[in-house]
1. Test of understanding: among A:416, A:351, which residue is of a type in the set (Ser, Thr, Tyr) and either more than 21 Å from residue A:300 (Cβ to Cβ) or in a loop (DSSP other than H, G, I, E, B) (or both)?
2. Just to check your reading of the model, which residue among A:313, A:321, A:289 is surrounded by fewer than 24 Cβ atoms within 10 Å (Cβ to Cβ) and more than 14 Å from the chain's Cα centre (by Cα)?
3. Cβ contacts < 6 Å: first residue more than 8 Å from every other protein chain (Cβ to nearest Cβ) and within 17 Å of residue B:33 (Cα to Cα), restricted to region B:83-108; second residue open to solvent by 40 Å² or more (accessible area, probe 1.4 Å) and not acidic (Asp, Glu), any location; separation 6+ or different chain. Result?
4. Which condition breaks for residue A:175 when tested against (1) of a type in the set (Phe, Trp, Tyr); (2) open to solvent by 10 Å² or more (accessible area, probe 1.4 Å); (3) within 11 Å of chain B (Cβ to nearest Cβ)?
5. Output the number of the condition that residue A:265 fails; it satisfies all remaining conditions of (1) touching a residue at least 24 places away in the same chain (Cβ under 8 Å); (2) in a helix (DSSP H, G or I); (3) not hydroxyl-bearing (Ser, Thr, Tyr).
6. Cβ-Cβ under 8 Å, sequence separation 6+ or interchain: first residue in region A:284-296 and closer than 14 Å to residue A:417 by Cα and more than 13 Å from chain B (Cβ to nearest Cβ), partner assigned to a helix (DSSP H, G or I) and open to solvent by 10 Å² or more (accessible area, probe 1.4 Å). Which pairs?
7. Quick one: residue B:59 ticks every box in (1) within 10 Å of another protein chain (Cβ to nearest Cβ); (2) open to solvent by less than 40 Å² (accessible area, probe 1.4 Å); (3) of a type in the set (A, V, I, L, M); (4) out of contact with any Pro (no Cβ under 9 Å at 6 or more places or on another chain) except a single one, so which number is it?
8. Suppose the filter is of a type in the set (S, T, N, Q), within 13 Å of another protein chain (Cβ to nearest Cβ) and within 20 Å of residue A:256 (Cα to Cα); does residue A:133 pass it?
Amino acid sequence: MNAAIGLLIAGPLTAAALAFGCGRYQRIRDAIVLSTLAAATALSGWLLYEVERHGTQVVRVGDWNPELGIVLVADLFALLVLTVALATILVVEIFAWGQRHTAWEANPTLAGPLMLVLTGGVSLAFLTGDLFTLFVAFELILVSSYVLLTHQGRRGQIRSGMTYVAINLFASSLFLVGVAFVYAAAGTVNMALLAERIPLLPSSVQWGIGLWFLVVFGTKAAIFPLFSWLPDSYPTAPTTITAVFAGLLTKVGVYTLIRFHTLMDFSALKPVMLAAAGATMLVGVVGALAQNDMKRILSFHIVSQIGYMVMGLALFTTAGLTGAVLFLVHHIPTKTVLFLVGGLVEQTAGTSDLDKVGGLAARKPFLALLFAIPAMSLAGLPPFSGFVAKLAVIDAGIADGSAAVVVVALLVSILTLLSMVKIWLGVFWGAEHQPEPAENTPASDQPERLYRRRHLTVIATTMAVAGTLAVAFYAGGIWDLSERAAIALLDADVYRQEVLG
Amino acid sequence: MSVVLVAAVAGLCISGIYLITARSLSRIVLGFSLLGHATVVALLAAGGPAGQSPLADQAPADELANPLPQALSLTAIVIAFGLTLFLLALARRQQQIEGDDLVEADLEERRLRARNRRQESGDRPKPISDRRRFNRRRGDDPARRDSQSNLTVVEADDEPGTTEASS
């Protein structure tokens, strides 16, 4: 089982190197990318099953003492989120496969292998047990995301890519300085040892470390007021890349925020974090209402939804954390699938601008259905997964007596529904606009094969929608798992004993 | 922890952040280099007092410097090096597209600017056919832009959502 944990990280990175080496051999590269992602998803699912039955698995890389060496910790929380994340990347890559040789595809020689690098980074970020390796994992994820965002070198991509790169680089520098602070204060970067030592520090130092890392992880997670880079940069990339970013990147930030702040017990930061959560929800959704492009609306919603997860965390109760974990599991596939639908709309209508699209429901009823299900889920309507997740978070908020943030959360839910209705009205109802085929038809001499391929994009999206429905269908089981993960998160002793043995 | 090291970290951070706030990407690159140095010095300062080089059997164990921050610094240096190269490539691409390496205003900022301009002049909103008109304020030589565009494949209107600036 130890080998499997290492393989989750080393496998995608090795496969990325192989895929880079494929050069012009498109089919081999596609085979490598897809099979690696499928294998990683299966492996992660199996590990989740094993860990659920036998408890947390810890790997000491090179058998070093945890104080000096790297440890990988595969616990319930990590594997639950990782499995969902890997499955999401797999579906998006199938979508990308369907988009080959069309005008909307990302450059496949780069995008496929880089997605594998990103996958390796995500695995490492979820599984690592020390702060510095977490920094390296973040860099792996970010470097591949920088290239994925800007690799086509288009004007808008370069413009927004600069802001994206600069802000994330700055956050990374802060992270590293934070690591230096923590090392100076506690003499280790191992999280289990830190959980032992940080509570012994003077409370001012604890506050400093907690706030510092709130800013660092908050920038990655795009919480208010550190979110401004997100809505500008995400929509400029090709659909398949935006979909993965939307589903995953900010969620890695949220994951580490949950991991670090529960483990070090920064519950003193509760008021600050609750305020940030409320502001994140509100600002995100209000920003979304002001937009007029499907992809930009959805990008602002990422920010708004992050607020709910931070709210669940900020309560520092079992119920709140259960909600946060559930929200992560619900949000990753739902957000991704909404962006994939955005990609399908672009394929059909040539643009995702609400003013230029219309009446798609009559022409493509199935596409409308594919949008409606995750959109209602995002707004939190029953019986979809978003309802369960929001219920968990809001219920925890009420139980905790944090009335203000609960009111904000409910209000934001309504506004979310409103902007989903705005997309629905703009894209699927109303008068049909004539698509402009002259510019946007894919340049290919194999229309028939292309048509068959394009079915694949619909199939991939359908799979993802089915996935979000599965989250709703098995909500009971996932709730139990999340609750167990939350209990383990709040009890730092358990983590410490598991890692240090 | 030596006061000199801490002062060095502070100085590097201040100059780095000052440079990062500039509009030109080449200054931003320099700013990040300085900030990278600051983090490395901070890591070294965190490792405790200086000592002999941490090689086995070279000196008594209590005289050795702490090797862990050095390992961390090395990793950080390599990452910073790669990212500096990437930023330079980005600056080069911006120069190919725009003729300079300045960070442009983002979409919302340009929309607000366009709206303010309309309100000032009291015009009714009208479609803005050429977004370059409000995209860039400084002196702009179209001939130079065209010659630049011919060098590279530039897709002028590939940004989603720019066209609704008029609404």
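The values are calculated or read from the model by the stated rules, or taken from the named source; none is laboratory data. Predicted, not measured: the structure shown is a model, and the values here were computed from it. Cβ sites come from the backbone with ideal geometry, for glycine too, and all protein chains shown count toward neighbours. Protein only, heavy atoms only, side chains kept; ligands, DNA and RNA dropped before computing areas. Shrake-Rupley method; radii C 1.70, N 1.55, O 1.52, S 1.80 Å.
1. From the options A:416, A:351, the qualifying one is A:351.
2. A:289
3. Every condition considered, the pairs that remain are B:91/B:26.
4. With respect to (1) of a type in the set (Phe, Trp, Tyr); (2) open to solvent by 10 Å² or more (accessible area, probe 1.4 Å); (3) within 11 Å of chain B (Cβ to nearest Cβ), residue A:175 is out only on (2).
5. Every condition holds for residue A:265 apart from (2).
6. A:284/A:300; A:285/A:300; A:285/A:415; A:289/A:415; A:289/A:418; A:289/A:422
7. Only one criterion is unmet by residue B:59, namely (1).
8. Against the criterion (of a type in the set (S, T, N, Q), within 13 Å of another protein chain (Cβ to nearest Cβ) and within 20 Å of residue A:256 (Cα to Cα)), residue A:133 qualifies.
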